[in-house]
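Derivation of every value follows stated rules applied to the coordinates shown; laboratory data play no part. The structure presented is a predicted model; accordingly, all values stated were derived computationally and were not measured. Cβ placement follows ideal geometry from the backbone for every residue including glycine, while neighbour counts extend to all protein chains displayed.
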Amino acid sequence: MNQYVTLKWNKYGVTLVLDDKIDFETLIEAVELKFKDASRFFKDAKTAICFEGRRLSDEEEQQLIQKIEEITDLEIICIIDTDKEREEFFKHVVEDTIREKEQEKDKKEETAESGQFYRGTLRSGQILESDGDVIVLGDVNPGAKVVAARNAVILGSLTGTVYAGMNGTGSAFVVAMSMNPMQIRIGDCIARSADSGKKKDSEPKIAFVEDGNIYIEPLNKEVIEDMKFLK
Amino acid sequence: MGEVIVVTSGKGGVGKTTTTANVGTGLAMLGNKVILIDTDIGLRNLDVVMGLENRIVYNLVDVVEGNCRLAQALIKDKKFPNLHLLPSAQTRDKSSVTPDQMKKLIEELKESFDYIILDCPAGIEQGFQNAIAGADRALVVTTPEVSAIRDADRIIGLLEANELRRSDLIVNRIRMDMVKRGDMMSIDDVVDILAINLIGAVPDDQNIVISTNQGEPLVGSDSLAGQAYMNIARRVTGEEVPLLDLSAGNGFWSKLAGVFKRNK
């Protein structure tokens, strides 16, 4: 009995150790012979297959598998590669893809946390809450409320209530195109509108906390540069 | 123990909130400890009329649900330290509170206030049921219009059905010139139809609009409506006060006052 082919079995599959000195025709015959001998043990098992000892082309591999399936009832469900180079390549690709996917997921989470747009006017009785920053493309009317874990930007007239910095850092700001809030809260500081004096602010302003007080200043370069907490 | 008064009307827009604000402030001016409760959950107004909107942090629903202590939700008035407001929630609806919860809340407030005045929402649904739940007496507000009177009549019936037998009538927005021309029902006509005790009549006064917009009740001011409301407050305390002569509302002085107001 020639030993061109050796079969090594384990629970889940078979390894074919092939001689690399003989030609392919001889090899295929050897394989046929080997499996014919053993075919009554295989029945219709599902198995993985692995080739060792000889470099096979895709075509050769295919031929071998076809042969094996022909003469036995085995169902080859996968071919395990022992090529180190290829393994390295696969590993690389898989790991890279996983990392990329994770980064993408992280990014998505970050954007969910970093901001939310709201288009439209918030009217009395409506509350807009966010885990991050909020940008309102519209007005916030009296009786309406914006609650943001971080900063709030109102690209319209703010005459309602706004709570910013609710994550407790106290370093949030509120910007409004026209700043006349009913109440404004940043972190633990609360300020309310003056009871009298109806001079309406129509220039963009920014509200922030410094030394435990809420300051409302015109939105310009100097003020933004001076803001301590952004440094 | 305080007295619990509900201000109600059935119909909307007849002046419940204005009456609550002015009678409440009047009672506080007379030295009583007063709390106004806005029971119009979802459509709060009393805080705006009182000019206290910017002070609201907690509200009636927060108190009932135990999100805050009662004392935290009470807002002290700008002018009168013995006048307080318990504002309503704007983001909820009437079903957030039950009549039993209102009763319990009012029992608690009765201990420390002389007068508890409840501003009732329009309608006869749950909001109304909540408002009248703990009340001892009612002030029924109406205007001299058939629709308002029809609703007031229904309300008086419902109050009686709910064992609230002490109802007094306030006729709001009387225009004596129209009454004289026969274009408007007179106070007597209204009282005849509704057949309950009249506790006061308030003339239609443009100063009310001004005061509402400014968030300062005009009770106690020189205006006719201000005087009328003050008189109602006095009568609520049990004092005997004769009815004002409302026809003076179109007299020389008020016109003069109007001219000055406009020129300001």
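Structure summary
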| read-out | value |
| --- | --- |
| Rg over Rh, two decimals, region B:3-263 (C-alpha only, Kirkwood Rh) | 0.96 |
| The protein assembly as shown - mean residue ellipticity at 222 nm from DSSP helices (-39,500 (n - 2.57) per run, n ≥ 4, rounded to 500) | -11500 deg cm²/dmol |
| Highest to lowest packing among B:170-179, B:155-164, B:199-208, scored as the average C-beta count within 10 Å | B:199-208, B:170-179, B:155-164 |
| Proximal charge balance of A:G138 [Cβ under 12 Å; K/R count +1, D/E count -1] | +1 |
| Angle in degrees between helix A:58-71 and the longest Cα principal axis of chain A, rounded to the nearest 10 | 60 degrees |
| Phi to ³J(HN,Hα) by Karplus 6.51 cos²θ - 1.76 cosθ + 1.60 over region B:164-173, Hz, x for Gly, Pro | 10, 8, 9, 10, 10, 9, 10, 9, 9, 6 |
| Shape category assigned to region B:112-152 from the gyration tensor of Cα positions, a/c cut at 1.5 | oblate |
| Angle between chain B longest axis and helix B:224-236 axis [Cα atoms, degrees, rounded to 10] | 50 degrees |
| Diffusion coefficient, µm² s⁻¹, Stokes-Einstein with Kirkwood Rh over alpha-carbon pairs of region A:5-83 at 37 °C and 0.692 mPa s | 262 µm²/s |
| Interatomic Cα distance distribution for region B:1-76, bins of 10 angstrom, percent | 17, 49, 32, 2 |
| Between region A:46-92 and region A:157-171, the Cα center-to-center distance that results, in Å | 64 Å |
| Point-charge dipole on Cβ atoms (K/R +1, D/E -1) for the protein assembly as shown, about Cα centre, debye to 20 | 2700 debye |
| Förster radius 22 Å - calculated FRET efficiency between B:D222 and B:D188, Cβ distance, rounded to 0.05 | 0.25 |
| Convex hull volume per residue in cubic angstrom - Cα atoms of chain A | 226 Å³ |
| P(r) of the protein assembly as shown over all Cα-Cα pairs, binned every 20 Å from zero, in whole percent | 19, 33, 17, 11, 12, 7, 1 |
| Shielding of A:180-192 by partner chains, average beta-carbon count, 10 Å | 2 |
| Two-decimal ratio, region A:113-230, of alpha-carbon radius of gyration to 2.2 N^0.38 Å | 0.95 |
| Set B:K11/B:K94; A:K46/A:K67; B:K33/B:K79; B:K79/B:K103; A:K145/B:K11 screened for pairs whose C-alpha atoms are more than 21 Å apart | B:K79/B:K103; A:K145/B:K11 |
| Other protein chain Cβ atoms within 10 Å, averaged over every residue that makes up B:50-57 | 5 |
| Peptides B:49-56, A:85-92 ordered by average Cβ neighbours within 10 Å, highest first | B:49-56, A:85-92 |
| Interchain or long-range residues, amide H under 5 Å from A:V146's placed H | A:L128, A:T161, A:V162, A:Y163 |
| Net charge over other residues, Cβ less than 11 angstrom from the Cβ of B:G2 (K, R count +1; D, E count -1) | -4 |
| Average beta-carbon neighbours from other chains, 10 Å sphere, peptide A:143-152 | 1 |
| Separation in nanometres of the label points that stand 7 Å from Cα toward Cβ, at A:E95 and A:V17 | 3.0 nm |
| C-alpha long axis of helix B:252-263 to longest principal axis of chain B, angle in ° | 60 degrees |
| Separation of alpha-carbon centers, region B:112-128 and region B:13-36, rounded to whole Å | 12 Å |
